[in-house]
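Everything on this sheet refers to the single structure shown next.
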Amino acid sequence: MSMKVISTEKAPAAIGPYSQAIVANGMVFASGQIPIVPATGEIAQGDIRVQAEQVMKNVGAVLEAAGTSFEKVVKTTCFLSDMADFAAFNEVYANYFVGKPARSCVAVKALPKDVLCEVEVVALVE
């Protein structure tokens, strides 16, 4: 099995012992994306909708770098810092994941840099 590391400047750089994504056996396994604006390295300032939009832009950039798209996503895992943001997060999410992939969505005690959401995906690369 061959593995290919995915890296793009259009999404936040991996700042630890991991990569933005790995392609293996026709699938891309993307690391969780938080609402960092790649051009500045700063967190997108605003409510859950603003942060979720930036997360989706970052996810999209990683998918594009891997040679795939939102339409090929088969599974998402979504992390929210507050489940009270669930409905607003879903509004943004639904605009991107129109194929309705399988999903887990959980509230966690805290996320890196105290952001409001993080999303990781698994997608087909064809």
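Just tell me which lysines come within less than 23 Å, Cα to Cα, of residue 57; anything on the same chain fewer than 8 places away is out.
List returned: 4, 10, 72, 75, 100, 113.
Ordered by residue, what ³J(HN,Hα) values in Hz, to whole numbers, does the stretch 4-11 give under the Karplus form 6.51 cos²θ - 1.76 cosθ + 1.60, where θ = phi - 60° and Gly and Pro are x?
Taking θ as phi minus 60°, the curve returns 10, 7, 9, 8, 9, 7, 7, 9 Hz for the stretch 4-11.
Per DSSP H run of n ≥ 4, the term is -39500 (n - 2.57); total these for the chain, divide by its residue number, and report the mean residue ellipticity at 222 nm rounded to 500 deg cm²/dmol.
Values: 2 runs with 29 residues, N = 126.
After summing the helix terms and dividing by residue count, I get -7500 deg cm²/dmol.
Does anyone have the angle between helix 86-96 and the longest principal axis of the chain? Alpha-carbon axes, 0 to 90°, nearest 10?
That helix lies at roughly 40 degrees to the long axis.
Using the alpha-carbon atoms, what tilt in degrees (0 to 90, nearest 10) does helix 48-65 show relative to the longest principal axis of the chain?
Once rounded, the angle reads 10 degrees.
Let me check against my output: what whole-number percent is the relative contact order of the chain, with C-alpha pairs under 8 Å and at least 6 apart?
On the way: 261 pairs, mean separation 39.6, N = 126.
After rounding, I find 31 percent.
Would you mind putting 118-125, 75-82 in packing order, based on average other-beta-carbon counts within 10 Å, highest first? Before the final figure, lay out each step's value.
Details: 118-125: 21.2, 75-82: 18.0.
Most protected by this proxy first, the peptides run 118-125, 75-82.
Order of 104-116, 43-55 by packing, highest average Cβ count within 10 Å first?
Details: 104-116: 13.0, 43-55: 18.5.
Ranking the peptides 104-116, 43-55 by packing returns 43-55, 104-116.
With each pseudo-label sitting 7 Å past Cα toward Cβ, what's the residue 94-residue 107 distance in nm, one decimal?
2.1 nm
When ligands, DNA and RNA are left out and all protein chains stay put, how many square angstrom of accessible area per residue does the chain have with a 1.4 Å probe?
On the way: 6690 Å² over 126 residues.
Solvent-accessible surface per residue comes out at 53 Å².
Have a look at 59, 37, 98 and tell me which one the Gaussian network model of the chain (Cα, springs below 10 Å) gives the largest fluctuation.
98
For the stretch 66-73, what does the Karplus curve 6.51 cos²θ - 1.76 cosθ + 1.60, with θ = phi - 60°, yield as ³J(HN,Hα) per residue in whole Hz, taken in order and with x for Gly and Pro?
8, x, 9, 7, 4, 5, 9, 6
Go through 29, 56, 105 and say which Cα lies farthest out towards the positive end of the charge dipole of the chain; charges sit on Cβ, +1 for Lys and Arg, -1 for Asp and Glu.
Going by the charge dipole, the pick is 29.
Can you tell me what percent of all Cα-Cα pairs in the stretch 36-126 are more than 16 Å apart? Each step should come with its number before you reach the end.
Working: 2115 of 4095 pairs.
Result: 52 percent of Cα pairs exceed 16 Å.
Output ³J(HN,Hα) for the stretch 109-126: one whole-Hz value per residue in order, computed from phi by the Karplus curve 6.51 cos²θ - 1.76 cosθ + 1.60 with θ = phi - 60°, and x for Gly and Pro.
5, 7, 10, x, 6, 6, 6, 8, 7, 8, 9, 10, 9, 10, 9, 6, 10, 10
The values are calculated or read from the model by the stated rules, or taken from the named source; none is laboratory data. These figures come from a predicted structure and were not determined experimentally. With ideal geometry, Cβ positions are generated from the backbone for all residues, glycine too; neighbour counts draw on all protein chains shown. These area figures cover heavy atoms from the full protein model, side chains too; ligands, DNA and RNA do not enter into them. Shrake-Rupley method; radii C 1.70, N 1.55, O 1.52, S 1.80 Å.
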